[in-house]
Amino acid sequence: MAKCKCSKRPRIASRTVQGMSPCQQGCVDVCANPVCAEPKVLSIMAPLIYDEIGINLCTSFELGVDVAATYPTAACATAKVINATYTYGDGNVVINSLAGRPNCYGVTLSNITVEFAVNLYDNNGRLLDTVYPTAVYLPSDTTAPTYDEETNPDAVELEIFAPYGYSYTAAETNTPVLNFMGYLDTNNSMQQGLNMYGFAKVLDFDVTDSTVTVGLTLVLASMYYTGYKVASQGRIDTPKGSIISPEDSDCMMFVQGDLLNLAIKPLDLGAPYYEEQYKNDCEPSGCGNAACDNNDVVPGIER
């Protein structure tokens, strides 16, 4: 076993590693030579769903265009939710901690303005155009055209388990945030805390009146980024397209060959492998900082 050089700089290691003998610790310095292999366990941080609940709503609304005149061959339509906006406060969206139950919240939804991408098709399934109407779901005004006591009431209150609480606005830390995940470049990601997303289905398409009836599923979810260990089944084998040519050259052989794939192995932290010990000063191995590929072999590492 190579002899490790001791640095004068203090090193911070876990108590488990500190208690291991030099023979157990070995001498692999990943700071100088990354380990090339496939990990058995991946240490990841992922947005995990702690709780979620969904509701179904339905209403009819105008498309904002004269379909019969503009698209005379239109025969059917599909809808996709791309955005939803709301105002926080009384009569709109409100998030309250439940008395005596600090890990759960009551979320009142009202006055949700939903923006759709509605695709119009002819009888042969050819896309004619996409229009972008909006409609208010859960309107607090019971005289609103989209209001319906049974299918689109003025408000709903949902209870959700959210043990780490909700996010806040940057300007006012006393205002909770309900993040909507849609398909705009400004809302196509999740946030820690309470998130909402939606799906749509066209139930009726009236060409003469230029209206659609859209069923909407809204899902409320509490999400938090959490570190986890998951079993690894290896790297993704990416499908590769080839350029076929009679030319026989090193360049063409490379283009037609396998894809390059760097394979530096993430450290397997903690029991049973304790690879955090690899961050040690070691005698130079002679391989420098060479990148790993799928053919590299590292002594002592299972492939």
*Quick check, is ALA74 in contact (Cβ under 8 Å) with a residue 60 or more places away in the chain, surrounded by fewer than 18 Cβ atoms within 10 Å (Cβ to Cβ) and of a type in the set (Gly, Ala, Ser)?*
no
*Could you tell me whether region 55-67 includes any residue that is without any contact (Cβ under 8 Å) to a residue 12 or more places away in the chain, under 22 Å from THR134 (Cβ atoms) and out of contact with any helix residue (DSSP H, G or I) (no Cβ under 8 Å at 6 or more places or on another chain)?*
no
*Could you figure out which of (1) surrounded by 16 or more Cβ atoms within 10 Å (Cβ to Cβ); (2) among the acidic types (Asp, Glu); (3) more than 22 Å from the chain's Cα centre (by Cα) isn't true of ASP90?*
(1)
*Hey, among the residues in region 253-283 that are among the small types (Gly, Ala, Ser) and modelled with pLDDT of 80 or more, which one's most open to solvent (accessible area, probe 1.4 Å)?*
ALA271
*Taking region 189-223 as the region of interest, how many residues are part of a strand (DSSP E or B), among the hydroxyl-bearing types (Ser, Thr, Tyr) and open to solvent by 40 Å² or more (accessible area, probe 1.4 Å)?*
2
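Determine, yes or no, whether ASN111 is on the phi > 0 side of the Ramachandran plot, out of contact with any Lys or Arg (no Cβ under 8 Å at 6 or more places or on another chain) and surrounded by 14 or more Cβ atoms within 10 Å (Cβ to Cβ). Spell out the reasoning first.
On the way: on the phi > 0 side of the Ramachandran plot: yes; out of contact with any Lys or Arg (no Cβ under 8 Å at 6 or more places or on another chain): yes; surrounded by 14 or more Cβ atoms within 10 Å (Cβ to Cβ): yes.
Answer is yes for this residue.
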_Complete set of residues in region 148-180 that are of a type outside the set (Val, Ile, Thr), touching a strand residue (DSSP E or B) at 6+ places or on another chain (Cβ under 9 Å), closer than 17 Å to ASN111 by Cβ and touching a residue at least 40 places away in the same chain (Cβ under 8 Å)_ = ASP148, ASN152, ALA155, GLU157, LEU158, PRO176, LEU178, PHE180
*asked:* Pairs needed: first member in region 128-140, closer than 15 Å to VAL118 by Cβ and modelled with pLDDT of 95 or more; second member anywhere, of a type in the set (Phe, Trp, Tyr) and open to solvent by 30 Å² or more (accessible area, probe 1.4 Å); C-beta distance under 7 Å; at least 6 residues apart or different chains.
replied: LEU128/TYR71; LEU128/TYR121; ASP129/TYR71
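Give ILE236, ILE243 a once-over and let me know the one that is among the hydrophobic types (A, V, I, L, M, F, W, C), in a loop (DSSP other than H, G, I, E, B), at pLDDT below 80 and more than 17 Å from VAL28 (Cα to Cα).
Residue meeting the stated conditions: ILE243.
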_Out of ASN33, ASN83, ASN123, sole residue that is polar (S, T, N, Q), surrounded by 16 or more Cβ atoms within 10 Å (Cβ to Cβ) and not in a strand (DSSP E or B)_ = ASN33
*TYR183: touching a residue at least 24 places away in the same chain (Cβ under 8 Å), farther than 16 Å from ILE55 by Cα, aromatic (Phe, Trp, Tyr) and part of a strand (DSSP E or B), yes or no?*
no
*In region 145-172, what residues are open to solvent by 50 Å² or more (accessible area, probe 1.4 Å) and assigned to a loop (DSSP other than H, G, I, E, B)?*
PRO145, TYR147, GLU149, GLU150, THR151, ASP154, TYR164, TYR166, ALA170, ALA171, GLU172
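The values are calculated or read from the model by the stated rules, or taken from the named source; none is laboratory data. These numbers come from a predicted model, not from an experiment. A quick note on method: Cβ atoms are made from the backbone with ideal geometry, for glycine too, and the neighbour counts reach across all protein chains shown. With ligands, DNA and RNA removed, areas are computed over all heavy atoms of the protein, side chains included. Shrake-Rupley method; radii C 1.70, N 1.55, O 1.52, S 1.80 Å.
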